[in-house]
There are 2 protein chains.
Amino acid sequence: MADARYLEDFLVGQTFTSGSITLTSEQIKTFASQFDPQPFHLDETAATASFFGGLVASGWHTAALTMRLLVDSELKIAGRLIGVAADELKWPRPVRPGDTLHAVSEVLEVRPSKSRPDQGMVKVRTQTFNQGDQPVLILVANLVVPRRPG
Amino acid sequence: MADARYLEDFLVGQTFTSGSITLTSEQIKTFASQFDPQPFHLDETAATASFFGGLVASGWHTAALTMRLLVDSELKIAGRLIGVAADELKWPRPVRPGDTLHAVSEVLEVRPSKSRPDQGMVKVRTQTFNQGDQPVLILVANLVVPRRPG
């Protein structure tokens, strides 16, 4: 992968911005019918009477779309984007049909591995925003990142 | 929803077990091509040379499948399964083609809301296991649960 980043290329405070994705009600329903078949993700009428007051995307759909935004973003890591754990995952507000999402990631921590001299960990906070710049997902993830070969 | 549970029906230490799902390599690739298009999720040959040594499911695919297992499980909540945040999300080992997954959830905390007398929060730890009873996902989630009406 050209211009891929190694552990040595990451600095606390760096930010990476993704492109954007617009979500349709069909996509919301298709994802939900497979992974999260609840009325407020499947049917406009049922959703109107629900907690959300209308059709909303599954939180896992928002998370999966955020992953897609990150994979396609400028956050290109040698060895690719591999998360081993999230310290935090929040859905501060729902995603609705027609919302356009983009993600902004900030490096919080860069740490060489004690047991694996060839790799380290980068902790990144990703916020996914809707078209009104309101956060719809906050994810703090620990990524495995290779060190630059010798 | 018949036999749906209200906040009053949850007790710390309760456990809920899901049914099971077996994952194919086609499903792994289909999910990945949409949400996590990285070589080790898309192509067996490329995956062999990767960090994982073979094709593995996207961690977000494992998370979405866990949601499906929970929605179909006996953890039936009045108002449905609505998570606002996860305190922890880990993928201790990858999911590979042919793996059969099931989830076990345990209630960690039950807390009425101070600001919303009609609802509360239930903190649940869900572990998703493969056919060898090895955990592939650990999720600690905070669920919004309605109180039993009047």
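What follows is calculated from the coordinates using simple rules that are stated; it is not laboratory data. Nothing here was measured: the structure is a model prediction, and the numbers come from that model. Counting neighbours? That spans all protein chains shown, and the Cβs are built from the backbone with ideal geometry, glycine included.
Against the test of being more than 11 Å from chain A (Cβ to nearest Cβ) and assigned to a strand (DSSP E or B), the options B:ALA85, B:ALA103 yield a single qualifying residue, B:ALA103. Do we find that B:VAL104 is under 21 Å from A:PHE51 (Cβ atoms) and touching a residue at least 60 places away in the same chain (Cβ under 8 Å) in this structure? Judged against the criteria, B:VAL104 is not a match. Among the residues making up segment B:90-107, those that are closer than 29 Å to B:THR24 by Cα, touching a Phe, Trp or Tyr at 6+ places or on another chain (Cβ under 9 Å), among the hydrophobic types (A, V, I, L, M, F, W, C) and surrounded by 18 or more Cβ atoms within 10 Å (Cβ to Cβ) are B:LEU101, B:ALA103. Within segment B:34-48, one or more residues are in contact with a Ser or Thr (Cβ under 7 Å, 6 or more places away or on another chain) and closer than 22 Å to A:HIS41 by Cα. Inspect all residues belonging to segment A:84-102 and state whether any of them is of a type in the set (Ser, Thr, Tyr) and farther than 19 Å from B:PHE35 by Cβ. No, because not a single residue in segment A:84-102 is of a type in the set (Ser, Thr, Tyr) and farther than 19 Å from B:PHE35 by Cβ. B:VAL110 meets each of the listed conditions (1) of a type outside the set (S, T, N, Q); (2) on the phi > 0 side of the Ramachandran plot; (3) touching a strand residue (DSSP E or B) at 6+ places or on another chain (Cβ under 7 Å) apart from (2).
Could you grab me the full set of residues in segment B:118-143 that are of a type in the set (A, V, I, L, M) and within 20 Å of B:ALA64 (Cβ to Cβ)? Steps first, please.
If we filter segment B:118-143 for residues that are of a type in the set (A, V, I, L, M), which is where we start, we get B:121-122, B:124, B:136-141, B:143.
Passing the criteria: B:VAL124, B:VAL136, B:LEU137, B:ILE138, B:LEU139, B:VAL140, B:ALA141, B:LEU143.
Taking segment B:1-53 as the range and being assigned to a strand (DSSP E or B) and of a type in the set (D, E, K, R) as the test, only B:ARG5 passes. Residues that are among the acidic types (Asp, Glu) and closer than 30 Å to B:LYS123 by Cβ were ranked within segment A:62-89; the one that is surrounded by the most Cβ atoms within 10 Å (Cβ to Cβ) is A:ASP87.
For B:ALA64, the conditions (1) in contact with an Asp or Glu (Cβ under 8 Å, 6 or more places away or on another chain); (2) aliphatic (A, V, I, L, M); (3) farther than 20 Å from A:PRO39 by Cβ are fulfilled apart from (3). Only one entry in B:GLY79, B:GLY54 is more than 13 Å from B:ASN130 (Cα to Cα) and in contact with a Pro (Cβ under 6 Å, 6 or more places away or on another chain), namely B:GLY79. Is it the case that some residue within segment B:108-129 is surrounded by fewer than 22 Cβ atoms within 10 Å (Cβ to Cβ) and within 17 Å of A:VAL84 (Cα to Cα)? For segment B:108-129, residues surrounded by fewer than 22 Cβ atoms within 10 Å (Cβ to Cβ) and within 17 Å of A:VAL84 (Cα to Cα): present.
Among the residues of segment B:5-62, those that are at the interface with chain A (Cβ under 9 Å from one of its Cβ atoms) and under 14 Å from B:PRO97 (Cα atoms) comprise B:PHE31, B:PHE40, B:PHE52, B:SER58, B:GLY59, B:HIS61. Per the conditions (1) in a loop (DSSP other than H, G, I, E, B); (2) within 11 Å of chain B (Cβ to nearest Cβ); (3) under 18 Å from the mean Cα position of the chain (by Cα), the sole criterion not satisfied by A:SER73 is (2). When B:PHE31 is tested against (1) more than 30 Å from A:PRO146 (Cβ to Cβ); (2) out of contact with any Phe, Trp or Tyr (no Cβ under 6 Å at 6 or more places or on another chain), just one condition goes unmet, and that condition is (1).
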